[in-house]
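Working notes, structure below.
Computed from the coordinates by the stated procedures, all read-outs in this text should not be read as laboratory data. Keep in mind that what you see is a predicted model, and the values were worked out from it rather than measured. Note: ideal-geometry Cβ built from the backbone for every residue, glycine included; neighbour counts use all protein chains shown.
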Amino acid sequence: MSRTVRLGVLTPSSNTALEPLTSALAAAVPGCSAHFARFKVTEISLSPQALGQFDDSKILAAAELLADAKVDVIAWSGTSSGWLGFDADRRLVERIRERTGIAATTAVLALNELLVLGGVKRLALVTPYTADVQARIVANYREIGIEVVAERHLGICVNHDFALVEPAQLRGLMRDVAAERPQAITTFCTNLRAAALADAVEAELGVTLLDTVSTTVWGGLRAAGADPAAVKGWGRLFQWA
């Protein structure tokens, strides 16, 4: 009998992409299921109102609801520490553990762990965000020794609208950044329909795709003591250990 693994996932309230994608990824692992709790996020910008959406008290309240489901891990499937600073996710993970007693991770902390495992120093960045948010992300990666050698962003700030970006457009953006020969491409937003493109993109471009919906699941499985390599057909990252 397969071990049961319950992935608890914290979700921006206006996100429509990550839940079906995460559930499909979880279904690739025998005995694994995904369970979600939302908190209010509708805008991605550097305005005080938008930044205030990521106040830990709101996120912790959602985490406590997931704890009622006796999940094995609580993962924040969002990229806010890309512009808030990576310490924001480190603090959040510690607070979730303290509040619930459950292991925790985030999309960005798992992505950063994968970058170390893969020896990635030249990264390409594809997002739907505005130029000022994108610049913050680029600067934060530079501070940890990772150069963003190519980037594309779409200038969108309404979180719900990120999921309306067509996968074909995302593939075009990935082709653009691949021209600069990065070691990996990250689709850095959990409301993009990019995760399922990984196998095709990697075969075409010869570059690993590190989508942040997928990195959340990778990190969640590891934190829960499960093997991410059980996930097949969703890109190379699940074979990285």
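Filter the trypsin sites (Lys or Arg not before Pro) in the range 163-241 to those in DSSP coil with at most 12 other Cβ atoms within 10 Å of their Cβ, and list the result.
Numbers: sites: Arg171, Arg175, Arg193, Arg222, Lys232, Arg236; in loops: Arg193, Lys232.
Within the range 163-241, the qualifying trypsin sites (Lys or Arg not before Pro) (loop, at most 12 other Cβ atoms within 10 Å) are Lys232.
What label, among [x] 53, 38, 34; [y] 58, 35, 29; [z] 46, 45, 32, belongs to Cα extents along the principal axes in Å computed from the structure on display?
Working out Cα extents along the principal axes in Å from the coordinates points to [z].
Tell me which trypsin sites (Lys or Arg not before Pro) from the range 54-96 have a DSSP coil assignment and no more than 11 other beta carbons within 10 Å of their own.
On the way: sites: Lys58, Lys70, Arg90, Arg91, Arg95; in loops: Lys70.
In loop regions of the range 54-96 (DSSP not H, G, I, E or B), the sparsely surrounded trypsin sites (Lys or Arg not before Pro) are Lys70.
Got a sec? How would Val207, Val217 order by Cβ neighbour count within 10 Å, fewest to most?
On the way: Val207 18, Val217 34.
With the fewest neighbours first, Val207, Val217 line up as Val207, Val217.
Scan around Cys32 for amide H atoms under 5 Å from its own, H built in the peptide plane at 1.01 Å from N, and keep only partners 5 or more places away or cross-chain.
Counting only residues 5 or more places away or on other chains, the set is Val5.
Give the distance, in whole Å, between the Cα centre of the range 1-39 and the Cα centre of the range 142-196.
Measuring centre to centre over Cα atoms gives 22 Å.
Provide the net charge surrounding Gly101, with neighbours chosen by a C-beta distance below 13 Å and charges set as Lys +1, Arg +1, Asp -1, Glu -1. Don't skip to the answer; put the middle values down first.
Numbers: positive: Lys70, Arg95, Arg97, Arg99; negative: Glu64, Asp68, Asp72, Glu94, Glu98.
Within the 13 Å Cβ shell, the charges total -1.
Can you list the DSSP H helices in the chain whose Cα atoms extend at least 20 Å along the helix axis and whose mean Kyte-Doolittle hydropathy is -1.0 or higher? Mind dumping the intermediate values first?
On the way: long enough: 86-100 (22 Å, -1.34).
Membrane-span-like by this rule: not one helix.
Excluding residues fewer than 8 places away in the same chain, name every one of the lysines whose C-alpha is closer than 28 Å to that of Lys40.
Lys58, Lys70
With a 10 Å Cβ neighbour count serving as the proxy for reagent exposure, in which order, fewest first, do Asp55, Asp72 appear? Working shown, then result.
Numbers: Asp55 10, Asp72 19.
Ordered by Cβ neighbours within 10 Å, fewest first: Asp55, Asp72.
Normalising by the residue count of the chain, find the relative contact order in percent from Cα pairs under 8 Å and 6+ residues apart.
Working: 496 pairs, mean separation 56.6, N = 241.
Averaging sequence separation for qualifying contacts and normalising by length gives 23 percent for the chain.
For Glu43, what residues show an amide H to amide H distance below 5 Å, using hydrogens built from the backbone and excluding near sequence neighbours?
Placed amide hydrogens put Asn159 under 5 Å from Glu43.
Apply the a/c threshold of 1.5 to the C-alpha gyration tensor of the range 111-211 and tell me whether it is rounded, prolate or oblate. Spell out each step's value before the answer.
Numbers: a/c = 1.70, a/b = 1.13, b/c = 1.51.
Oblate, since a/c reaches 1.5 and b/c is not below a/b.
For Thr79, Thr100, what ranking results if the residue with the fewest other Cβ atoms within 10 Å of its Cβ goes first? Let's see the in-between values first.
Working: Thr79 28, Thr100 19.
By the 10 Å Cβ count, ascending: Thr100, Thr79.
Mind listing the long-range amide H neighbours of Trp76? Cut-off is under 5 Å, sequence gap 5 or more, other chains count too, H placed in the peptide plane at 1.01 Å from N.
Here Leu10, Thr105, Thr106, Ala107 satisfy the definition.
What's the ranking of 38-48, 150-160 by average number of surrounding C-beta atoms within 10 Å, highest first? Intermediate results must be reported in sequence, preceding the final value.
Numbers: 38-48: 15.6, 150-160: 18.3.
Answer by packing, highest mean first, reads 150-160, 38-48.
Which whole-number percent is the relative contact order of the range 111-211 (Cα, under 8 Å, 6+ apart)?
On the way: 153 pairs, mean separation 31.6, N = 101.
Computed over the range 111-211, the figure is 31 percent.
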